[in-house]
Amino acid sequence: MENANGRVFKYGDNVDTDVIIPARYLNNTDPKDLAAHCMEDIDKDFVSKVNEGDIIVANKNFGCGSSREHAPIAIKAAGVSCVIAETFARIFYRNAINIGLPIIECPEAAREINSGDVVNIDFDSGIITDETTGKKYQGQAFPEFMQKIIDLGGLVNYINTK
C-alpha cells in the first residue's frame, strides 16, 4: 500500500454523515457527483480547495449519524487519501474500509495536527509524520488483509479476486 501524502483539512468533534454529504444529494450514487458536494455544509470551500491526496483530520466520533455509504464514497471521490481522527463512528469505520478509504485512529495526531499542515502516512508502520512541524505520531498500522481491501478499492473487489 502506498504512503499517503497531502495537505490537511481539519475538523472538530462529531462530524456527522449529514455534513459530509448532505441528505439532499443522496438520490445520486455517482461518486463524482457526491464529491462535488462533499463537506459543503461544514466547509463550503472544501471542494474547490481539496487536491488529490489531501488528508482530513478530525477529533472525536468522525462519521457519526446515519449509516450511509455515500459519506466515505464522497470523501474518497473528492481525492482525499486518508482520514485521521481520535475516534470514528463504528459504521463509518466499516463503510470506509468496505469502499477502500483508508482511515486511522490516532488521538495525539488528531489533536495536534493543524489545518494546512502537510502530512505523510506510512500505512505499513502506522507512522504519521507532520512534515510541517516534523513531529511523528504512531497510529494503528493496517493489517495486510485490510491493506489489500483498500488497494483493490474495497471489499467487493477484494472478494471478487478470491
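The values are calculated or read from the model by the stated rules, or taken from the named source; none is laboratory data. In this text, all values refer to a predicted model and were calculated from it rather than measured experimentally. Every residue, glycine among them, receives a Cβ derived from its backbone with ideal geometry; neighbour counts consider all protein chains shown. For the accessible areas, the whole protein counts, side chains as well, though only heavy atoms, and no ligand, DNA or RNA atoms are used. Shrake-Rupley method; radii C 1.70, N 1.55, O 1.52, S 1.80 Å.
Which value, in Å², gives the accessible area per residue of the chain when a 1.4 Å probe is used on the protein heavy atoms?
Details: 7700 Å² over 162 residues.
Accessible surface, normalised per residue, equals 48 Å².
Please give the peptides 94-101, 4-11 ranked by average Cβ packing (other Cβ atoms within 10 Å per residue), highest first, as a rough proxy for protection.
Working: 94-101: 20.8, 4-11: 19.2.
Packing proxy ranking, top to bottom: 94-101, 4-11.
Run the helix sum for the chain: -39,500 (n - 2.57) per DSSP H stretch of 4+ residues, divided by residue count, reported at 222 nm to the nearest 500 deg cm²/dmol. List each step's numbers first, then the result.
Values: 8 runs with 51 residues, N = 162.
After summing the helix terms and dividing by residue count, I get -7500 deg cm²/dmol.
Could you work out what % of the accessible surface of the chain is carbon and sulfur, using a 1.4 angstrom probe and leaving DNA, RNA and ligands out of the count?
Details: 3680 of 7700 Å².
Whole-percent figure for carbon plus sulfur exposure: 48.
If I compute Rg and Dmax of the Cα atoms in Å from the structure I just sent, which labelled value in [x] 14.5, 43; [y] 18.2, 48; [z] 18.5, 63 lines up?
Computed from these coordinates, Rg and Dmax of the Cα atoms in Å corresponds to label [x].
Just grab the label-to-label distance for residue 98 and residue 2, each label 7 Å out from Cα along the Cβ direction, in nm (one decimal).
2.7 nm
Quick one: check the C-alpha center-to-center distance for segment 81-116 versus segment 14-68, whole angstrom.
Here the two parts' Cα centres lie 13 Å apart.
Taking R0 as 30 Å, what FRET efficiency do you get between residue 52 and residue 162 from their Cβ-Cβ distance, rounded to the nearest 0.05? Can you show the working numbers first?
Details: r = 30 Å, r/R0 = 0.99.
Efficiency, rounded to the nearest 0.05: 0.50.
Percent relative contact order of the chain, based on C-alpha pairs within less than 8 angstrom and at least six residues apart?
Details: 377 pairs, mean separation 39.9, N = 162.
This gives 25 percent for the chain.
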